[in-house]
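We did not get these values from a lab; they are worked out from the coordinates using the rules stated. Treat the numbers as computed from the prediction; the structure is a model and nothing was measured. Here Cβ is always computed from backbone atoms with ideal geometry, including for glycine, and neighbour counts include all displayed protein chains.
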Amino acid sequence: MRIPLIAGNWKMNTTVGEAVELVNEICQGLGGVVGVDKVVCPPFISLAAVKELLKESSVRLGAQNLYFEEKGAYTGEISPLMVADLCEFVIIGHSERRQYFDESGEIVNKKLRAVLKVGLKPILCIGEKLEENEVGRTEEVVTEQLRSSLDGIDCSGAMIIAYEPIWAIGTGKAATGRQANETIGLIRGKIAKLYSEEIAREVRILYGGSVTADNIAEFVEQFEIDGALVGGASLKAGQFISMVKQTQEIFYPTNPPTKDLVEW
Ligand code: PGA
């Protein structure tokens, strides 16, 4: 069984003080909620402070990006080793990085290799633009993104993929549960072809794009969807807590687990 995962991508929001406040509220609200992996991804500058606060918590830490070189003269960049020192997860290839920072499939591939080398768990983002969606090119686009991102990479169950249609990110116009389920099923099929049925069954695939406490259920109740990557709504502790709790109720309708399940 794939353990559901709800990840909050805080993007370029929160000062260190605000991040500390937010994570404290989240931890208080999620104390006893187990069986769902909960990940927060604050800005780099808050990672160390947030890590301290997560010591006794089941909430886990992720970064939003990194650079693929190990170290050296790359002013302003953060290396995989630096991230691995603080975090367990890292978001790779977010559409905002592809769009505003010209991250190509090749760069995403280099980053993924670097991430796996240091033992971080990548959350690889893929998704089509509105105009691609409208002309029925979704399958072609996500297939190509998968192919270029994963080229030469030994994929295992540690890989997490987030399907984030670009037209749904930050727009308030989420995909429907059924649409997301269909594309995620298709992505799982591609993973099976690229690797194996077994790996495709293990890889967690999230939906992202305007997910809130009001619509999370529509996504996580779908067969193929293993959780969500949440932007805006993850900045409100109450929303994040509610999304995790709803996911727990949907995944374990009768017997919620009493302790966290075995992790990858
Ligand atoms: P959103 O962002 O939830 O604000 O749409 C999602 C994401 O970019 O990961």
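Annotation: extensible slack from Arg178 through Phe44 equals 44.8 nm (criterion: 0.36 nm per residue apart, minus Cα-Cα distance). With contacts taken as Cα pairs under 8 Å at a separation of at least 6 residues, the chain carries a relative contact order of 22 percent.
The 3J(HN,Hα) values that the Karplus relation (6.51, -1.76, 1.60; θ = phi - 60°) gives for segment 55-63 are, in residue order, 3, 9, 10, 8, 7, 10, 10, x, 9 Hz. Gly and Pro appear as x. Stokes-Einstein, applied to the Kirkwood radius of the chain over Cα pairs at a viscosity of 1.306 mPa s and 10 °C, places its translational diffusion at 87 µm² s⁻¹. Loop-located chymotrypsin sites (Phe, Trp or Tyr not before Pro) across segment 33-125 with a Cβ neighbour count of 10 or fewer within 10 Å are Phe101, with loop assigned by DSSP. Using the Cβ of Ala63 as centre and a radius below 14 Å, the other residues enclosed give a net charge of +3, where K and R count +1 and D and E count -1. In percent, rounded to a whole number, the relative contact order of segment 77-139 is 41, using alpha-carbon pairs under 8 Å and six or more apart.
Residues considered: Glu182, Glu249, Glu134. Largest GNM mean-square fluctuation over the chain, using C-alpha springs under 10 Å, is found at Glu134. Partner lysines whose Cα lies under 26 Å from the Cα of Lys111, excluding those fewer than 8 positions away in the same chain, are identified as Lys11, Lys38, Lys51, Lys71, Lys121, Lys129, Lys190, Lys193. For Val230, the residues whose modelled amide H falls within less than 5 Å of its own, excluding neighbours fewer than 5 places apart on the same chain, are Ala7, Gly8, Asn9. With helices as the sole contributors, the chain gives -12000 deg cm²/dmol at 222 nm; each DSSP H run of n ≥ 4 counts as -39500 (n - 2.57), and the sum is divided by every residue. In plain terms, the bigger the Kirkwood radius, the slower the diffusion; for segment 28-116, with that radius from Cα pairs, at 10 °C and 1.306 mPa s, Stokes-Einstein puts D at 112 µm²/s.
Kindly state, to the nearest 0.05, the FRET efficiency for Glu69 paired with Thr15, given R0 = 22 Å and r defined as their beta-carbon distance. Before the final figure, lay out each step's value.
Values: r = 28 Å, r/R0 = 1.28.
About 0.20, to the nearest 0.05.
When you filter the trypsin sites (Lys or Arg not before Pro) in segment 32-85 for DSSP loop state and at most 10 other Cβ atoms inside 10 Å of their Cβ, you are left with Lys55.
Which GluC sites (Glu not before Pro) in segment 1-65 pass both tests, a DSSP loop state and at most 14 other beta-carbon atoms within 10 Å?
Details: sites: Glu18, Glu21, Glu25, Glu52, Glu56; in loops: Glu56.
Listed in order of number, the matching sites are Glu56.
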